[in-house]
Each structure stands twice: as structure tokens, then as C-alpha cells.
1. For LEU289, state whether it is more than 22 Å from the chain's Cα centre (by Cα), surrounded by fewer than 19 Cβ atoms within 10 Å (Cβ to Cβ) and of a type outside the set (Phe, Trp, Tyr).
2. Can you tell me which residues in region 192-219 are without any contact (Cβ under 8 Å) to a residue 60 or more places away in the chain and on the phi > 0 side of the Ramachandran plot?
3. Kindly establish whether GLY422 is touching a strand residue (DSSP E or B) at 6+ places or on another chain (Cβ under 9 Å), away from the ligand (no atom under 16 Å from the Cβ) and closer than 17 Å to ARG168 by Cβ.
4. Looking at this structure, is LEU533 farther than 18 Å from SER441 by Cβ, touching a residue at least 60 places away in the same chain (Cβ under 8 Å), loosely packed, with under 15 Cβ neighbours inside 10 Å and hydrophobic (A, V, I, L, M, F, W, C)?
5. Within region 259-282, restricting attention to residues that are away from the ligand (no atom under 16 Å from the Cβ), in contact with a helix residue (DSSP H, G or I) (Cβ under 8 Å, 6 or more places away or on another chain) and free of Cβ contacts under 8 Å to residues at least 60 places away in the same chain, which residue is farthest from GLN451 (Cα to Cα)?
6. At pLDDT 95 or above and within 16 Å of the ligand (Cβ to nearest atom): which single residue out of ASP454, ASP531 fits that description?
7. What is the number of the single condition among (1) surrounded by fewer than 23 Cβ atoms within 10 Å (Cβ to Cβ); (2) modelled with pLDDT of 95 or more that ASP519 does not meet?
8. For PRO201, only one of the following conditions fails: (1) part of a loop (DSSP other than H, G, I, E, B); (2) more than 16 Å from the ligand (Cβ to nearest atom); (3) within 28 Å of ALA119 (Cα to Cα). What is its number?
Amino acid sequence: MSSSRREFLHGLGSLGALALFRLQRTEPDLILFNANIWTVNSSQPRAQAVAISGGRFLAVGSNDEVLGLAAGGAKKIDLGGNTVLPGFIDAHSHPAEAGLDHLRMVDCDLRSIADILSALRKRAAESPAGGWVLGFKYDDTKTSDGRPLTLADLDSAVPDHPVFVEHRGGHTAWVNSLAMKMVKVDDKTPDPQGGKYDHDPATGRLTGHIRENAKTGFQTLIPSTFTRADRREGVKLISQMMTRSGVTSVGDAFGSPDDLTAYQEARDAGELSFRVYCLIGFQFIDQMLAAGIRTGLGDEWVRVGAMKMICDGSISERTARLSQPYIGRPDDFGILVAGADELYPVARKAHAAGWQLGTHANGDVAIDTTLRVYERLQRELPRRDPRFRLEHCTVVNDSLIQRIKALGAIPTPFSTYAYYHGEKMKEYGAERVDHMFALRSFIDAGIRPTQASDYPPGPFEPMMALRSEVTRTDSKGNVWGPKQKITVEEAIRVGTANGSYASYEETLKGSIEPSKLADLVVLGRDPFKIDPLELIDIPIQRTMVGGKWMFEA
Ligand SMILES: [Zn+2]
């Protein structure tokens, strides 16, 4: 065929396709009307109805305007005046891992040590002799006993199986004597680099509490026996759990090639109910670079995200690296897991290849360390719009905020911590808490922070996030860092539009406007018309992802 004939036919074909496309686009397959829609689109903030076609918003407007587009086949749903928001984006959580944890481990989110021990004892009785008994979501400040778990507790409950119980934060764990013996750790073993075996100050004996890199020796012994089917099952389970709460997109903050496979297979099987921006752990970066993969590869369901590195410890477990010590522990400044010299070479390799970078940095020392690495990269290898991410970015000050702004970096602060982990804030002190999860400071400086649960460490329910961010009040009524309160409108923007920006997807999602992905949540009450302390009680009625109801109450 001559090239001119081919062009002619091609031209005809695309004309025809365009007409058909326009025809399809003017015939919505679904219309939602009689709703109180907050679009998070500043040029059209409110609407009553949306038309949806092919998984995207086709039109947004008044009932009359949008219902006027309905043709024969369009389904129409009357939302009875209920509030509609864009779907929530949890920019930093650990869904693939959490899904497997829910399948395999004992959920230790219980309110007494006795309850935890009996759950572990029950699991041990069902497990083969000598097999590991694993727990997660244990929280030392949430039991009625007023003291943490001990080695002796675990030995008394489970003497014949090695036990490894992770703290809810994931950075520390409690183990029993058999586990210590298997890893060859005794009272005299020196602490590993970037880690700690706690000892009783009176007796010098191990307490069973192990921190940060001290976990590695145990984790390498715990067999990872997951099949591909298990991983897919884990992703299915957690995506259903999160979608039920109004989450339509997540950033998996420490993904592996196995996790990418699980997300793709769950999606192919029609079992993935949210979208994933999968950050990749730094230990896999050489594999990724060799395959020519970088940030952005994928589609609107499963996409390769930033490379993830870790600089310091955890806020909920009080190991974040601070410039001033923890309250009541004058020698404890937390733990730096990796310094600038260790982060820089890995970061440079990925940055040079076009990867977005995300670094776990909680304490002010860690944030400064991470910013120095990012600033150096932009001096040496300037890239347009690198959107460096500061994962958590918890304890800040004015000078750090100015540097974050100058770099255009994106903080992903914990959204539910003021509410859920309030009791731990005593160890940071009121003055410091006024500079933690610093949404007011970030927004006032023109920075775009995201909503982020870090689940399992923090609960992922977006309505708890709104309550926490707007009131800074915990479940007992204590207020933590009132200077950082934001408005309901700001909190919604943080949880929607800002999340899409953090993954370079702001033209695809994060607001309800024509051509964007039809991701939305229908609420049972209007968040603008209630006491902010009641935001957490708003029922989620339905969650839509890509024009499909993924959850209906
Ligand atoms: Zn995390």
C-alpha cells in the first residue's frame, strides 16, 4: 500500500473513531445525581451530578445539566442529597505486606498482655513444633498493664516455639528465649550497627525487646513460604479492607518485585479494588535499573513509584533520630539507620536514571540528612520536577520547611497519629509536638503534604485522618500540637489532590472533573456540617474506583 493511501485510510479511520468516540463520550453509562459534591476542583468547587463513561468523569454540573446528557442506556442513581468526595489517596502505607500479615500473623492489637499471650498460645498450639509464632500490631502503650511485654511473658506462654512479635510501628519487636537462642544472641552479645538489644538496667539480662537492625538476624531465619497465590490473596484482602473505608488509591511505601507481581495478578483476576503507586525498596534498585524500569512505568491501576530508602527510626516506637533527646531519657536521641554517606550513592544512581526518590525521615536530624542528599543531587545532577518525597517528615522546624519548599519536596506526614497515637506524644513534649505532622506549617508555606496512614503502624480510615488533622485531639480528648490544626476543606485536599501530585498523577485523579478517573466516595453525613470531633463517625456508604462500585454498604 502506498504511504499516501495508508495516510488517507488512517485519516478516515481516525475521523470515524473520533466521531464514535465523541458519540460514546456524550452517552454516559452512569449518572449520579441529587448529590452534594465537593469536587476539589477550584474552578468548579461544588456540583449536584456527574456523568461517567468508560471509567472516567464525562461531565460534572447541576442535576439539569447532567441529566440532560442521559441517553437510552444510561443508568441513573439518585444519591438522595448525600455528600460525595473524590476517592482518598493513602500516599504511604504497606498494603501488600499488611495483607500477608493478616493472613499469617496473630493480630496483637489487643488491650491486655494476658489477651496477647493467650492469642499467641492458641497459635502455638495450632503450629508444628519448633515453627515460628508471629505477631503484629502489638502496641506497648495500648495495653492496660502499664508495662511492655517481656521475654519472660513470652517464655511462659510459648516455650517450645520461637516467637517474634512486631510492634505496630514495625521498627522494633519482642522475642522469646528460644528465638534468641536460634539467632545466637545472649546477654553479652554486642548491639549490631543501627540496632539495639535491650537489657534490664538492673540485671544486665536481655528483656526481649529488639530494635531496628537488631531485627534482621531474626527476620532472616523466619521462613518466607508465601506462594504467588498467597501474595495475590493478601493484596485482595487488604484492598477490600481499605476500599471499604473510602481509600481508592495507595502508595505502597516499600514494594518488592514480588509485590508488583501480586498487584498485577490480583488486578488481572479482577480482585484489586484500589490503584497502586508502588514504591520500590532500595535493595531492588539494581534489578530494576538492569531491566530498564523507572518511576512512572505501568498504568493507572499499577504503577512503579519512587525508590524508597530509610534514614531513621519510628515515631510510634520512639526511635526517630532527634536533635534534642526524648522527654525523660536525656541520653536517648533515637537511631539513625543510614547516614548521608550511605544514602547518597544509592540515591544518585536512581536519581540519574530518572527515579523519584522517597526517604523515610521522621526526626529533624534525619530530615536534615535526607534534604542534604537531595540538595546535593540537584546541584550535581539537576532534574526538572524531581518531586523528592520525605516519607513521614514528622519533626520539623522553620529552616527545614524553607528547604523543603525551595526543593519542591513532598512530605507524607502521619494522618491518624494525633488521634490514634496521642498517648505517645508525651515522650516528645508539647513544644515539639507543635512541630510534628505539621500540616498547618506545610500548607502555609505552599508545600503539598499528602494523607498517609503507614498502615499497619497507623489506622488507614480517611475519616479518622480528617478528625485527627482537623482537631489534633486523641480519643481521650487530649489535644496534641493545636498549632497544626487545618480546616476540613484543607484536610480533604491533602487526602485527594495532594496525593495525586505526589505520584505525578494530578491530571488523572484527585478531583472530580471531566476526563479524570471516576474514583469517588459517598458519605453518610456532610463533613462540613458536623462537629469535627464526629468526623470519625461518618459512615462510608459507597466507594467507586474507575466507574465501578468497589464497596457498597
Ligand atoms: Zn512506612
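1. When the stated conditions are applied, LEU289 passes them.
2. Those that are without any contact (Cβ under 8 Å) to a residue 60 or more places away in the chain and on the phi > 0 side of the Ramachandran plot: GLY204, GLY208.
3. Taking the combined requirement at face value, the residue satisfies it.
4. Against the criterion (farther than 18 Å from SER441 by Cβ, touching a residue at least 60 places away in the same chain (Cβ under 8 Å), loosely packed, with under 15 Cβ neighbours inside 10 Å and hydrophobic (A, V, I, L, M, F, W, C)), LEU533 qualifies.
5. ALA269
6. After applying the criteria, what remains is ASP454.
7. The single condition ASP519 does not satisfy is (1).
8. Among (1) part of a loop (DSSP other than H, G, I, E, B); (2) more than 16 Å from the ligand (Cβ to nearest atom); (3) within 28 Å of ALA119 (Cα to Cα), PRO201 violates only (3).
The values are calculated or read from the model by the stated rules, or taken from the named source; none is laboratory data. Please read these numbers as outputs of a predicted model, since none were measured by experiment. Here Cβ is always computed from backbone atoms with ideal geometry, including for glycine, and neighbour counts include all displayed protein chains.
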